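Q: The structure follows.
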Amino acid sequence: MPRPPRYQVGDVGSAYPGTPVAPTPRTAPLPRRDPAAPPQRAAPRPPWRRRATRLAALALAVMAVVATTAAAGRHAAATDLRVARAAQVGPPAWPGPVTLLRGLLAGPPTVVLQVGHLDAADAPDELAALRTRTGASAGGVDEVAVNAAVADALAARLRADGVRVRIVGTTVPPNLRATLALALHADGVQDANRRGYKSAHAIPTRTRRDPWLLASIDAAYLDAAPMPHDAVNVSPAMTRYYAFAHDRFRHALHPGTAAVIVEMGYLTHPADRAWLAAPDRPAAALHDGVTRYLAAVARWHPALAWRAGGPTSFGGVP
Ligand SMILES: [Zn+2]
C-alpha cells in the first residue's frame, strides 16, 4: 500500500491528509496590558552596542579619575610651594580672589590654642590618666605658666590681625572645629644637656593641611628661636596626641581641623628656659607661622586685618 503523501495542497497544518483542519477558534480578544503591571522589557540591545557603551563609560570614569588626581596633585604641589614661599618671604603682597571670597563667605579664620596641662584635674573620665600630668617644672618655672603666657600673647597678636581665637585647656570640647589648632607645650627631661624645639601633627595625618601647618610653624619657630631642631625626640605621645585623636576620644578636635603640637623648648635647659621666660618671643614666632600658613592656604591676608577689633567670639564657620 503506497504511503500517502504527508502534505497536499490545501492541507494546512495537518500531518494526515484528508483530515479536516479545524480552524483555531479565537475564544477571547487579546488581553490588554494591565497598566499596573511592570513595563515589558525592551528588546535587548545588540551585544556590540552594549560593549561600546560599557567601554565608553569605563573610558569616561578613567578620564575623570585621572583629571581629578592631576588637579588635586597640582593643587597640593602649588600649596606646597606657597607654604614654602610664605615661610621664606611672608604672605603675598595682595590677597588673591580665593582668599577674598573665603573671607567674605566664611568670615575670619578661627584658631584654637591649647594651653598644655591647664586644668588637668578636670579631665573627663575617658582622659582620667591626664589628671595627674600637670606638666614639666624646672628652675622655678612651671610649664603650664609658660604655655598659658605664650597662648595669651599669641592670642593678642592674632586678634589684632582679625583672627578669632579660642583658648582651651587639657580638655578639648568634643569635636571642636576650627581653621587650625596649636597645642602649646614645653618639655622637661632628666638629661640637662638636651634642648631644642620639636613639633608634630598626628600620624596618620588628619587632614592634608596638617603637613602645611607643621612646615609653616617649624620654619617660623626655628628661624626665631635660638635653639636646635630636636626632631629626633618627637615621641608617640606627640604623633598620637590625645586631643587630635578623634578616633579614640570624644574630647578631641574635629578631624577636619589642621592641628600641630609644639614643644617650645626644654625648661630643664637654662638657655631654652631663658628664651621662654619672655613669652612674647615664642608667641611672635608662632604668630608668623600661623599667619603665613593661613595666607598660603588662602584663608587670611594682612590686608583683611581691617576686621581687627570686630567680634572675637567663637562659633562661626571655621
Ligand atoms: Zn607638656
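Q: Of the numbered conditions (1) of a type outside the set (D, E, K, R); (2) at pLDDT below 95; (3) crowded, with 21+ Cβ neighbours inside 10 Å, residue 181 satisfies every one except a single condition; which is it?
A: Of (1) of a type outside the set (D, E, K, R); (2) at pLDDT below 95; (3) crowded, with 21+ Cβ neighbours inside 10 Å, only one is false for residue 181: (2).
Q: Every residue in the range 201-231 that is of a type in the set (Gly, Ala, Ser) and touching a helix residue (DSSP H, G or I) at 6+ places or on another chain (Cβ under 7 Å), please. Please lay out each step first, then the result.
A: Let us first name the residues in the range 201-231 that are of a type in the set (Gly, Ala, Ser), namely 202, 215-216, 219-220, 224-225, 231.
202, 215, 216, 219, 220, 224, 225, listed by residue number.
Q: Something else about it: Condition test on residue 42, is it in a helix (DSSP H, G or I) and either modelled with pLDDT under 85 or loosely packed, with under 10 Cβ neighbours inside 10 Å (or both)?
A: Criteria not met by residue 42.
Q: Considering only the range 148-190, state which residues are within 16 Å of the ligand (Cβ to nearest atom), over 23 Å from residue 304 (Cα atoms) and either part of a strand (DSSP E or B) or out of contact with any Asp or Glu (no Cβ under 8 Å at 6 or more places or on another chain) (or both).
A: Hits for the range 148-190 are 148, 149, 150, 168, 172, 183, 184, 185, 186, 187, 189, 190.
Q: Considering the range 90-147 alone, what residues qualify as being out of contact with any helix residue (DSSP H, G or I) (no Cβ under 9 Å at 6 or more places or on another chain), under 27 Å from residue 295 (Cβ atoms) and part of a helix (DSSP H, G or I)?
A: Of everything in the range 90-147, those that are out of contact with any helix residue (DSSP H, G or I) (no Cβ under 9 Å at 6 or more places or on another chain), under 27 Å from residue 295 (Cβ atoms) and part of a helix (DSSP H, G or I) turn out to be 97, 98, 101, 102, 104, 105, 106, 147.
Q: Across the range 191-218, what is the number of residues that are within 16 Å of the ligand (Cβ to nearest atom) and not aliphatic (A, V, I, L, M)?
A: Residues meeting the conditions: 6.
Q: Another question, then. Given the structure, is residue 123 surrounded by fewer than 21 Cβ atoms within 10 Å (Cβ to Cβ), more than 28 Å from the chain's Cα centre (by Cα) and among the aliphatic types (A, V, I, L, M)?
A: Taking the combined requirement at face value, the residue does not satisfy it.
Q: Okay, next question. Restricting to the range 129-146, count the residues that are at negative phi, touching a residue at least 60 places away in the same chain (Cβ under 8 Å) and more than 8 Å from the ligand (Cβ to nearest atom).
A: Of the residues in that region, 5 qualify.
Q: Right, here's the next one. Out of 269, 251, I need the residue that is touching a residue at least 24 places away in the same chain (Cβ under 8 Å) and either away from the ligand (no atom under 16 Å from the Cβ) or of a type in the set (Asp, Glu) (or both). Which one? Walk me through it before giving the result.
A: Values: 269 fails: either away from the ligand (no atom under 16 Å from the Cβ) or of a type in the set (Asp, Glu) (or both).
Unique residue meeting the criteria: 251.
Q: To continue, here is another question. Among the residues of the range 251-266, is there at least one that is at pLDDT 95 or above, over 17 Å from residue 181 (Cα atoms) and not charged (D, E, K, R)?
A: Yes, some residue in the range 251-266 is at pLDDT 95 or above, over 17 Å from residue 181 (Cα atoms) and not charged (D, E, K, R).
Q: Here is a further query. Show the residue pairs meeting these rules: Cβ distance below 7 Å; 6+ apart or different chains; first residue within the range 197-222 and more than 17 Å from residue 80 (Cβ to Cβ) and at pLDDT 95 or above; second residue among the aromatic types (Phe, Trp, Tyr) and not in a helix (DSSP H, G or I).
A: 202/241; 221/197; 222/197
The values are calculated or read from the model by the stated rules, or taken from the named source; none is laboratory data. Here the structure is a predicted model, which means the values were calculated and not measured. Cβ coordinates were reconstructed from backbone atoms using ideal geometry, including for glycine residues, and neighbour counts include every protein chain displayed.
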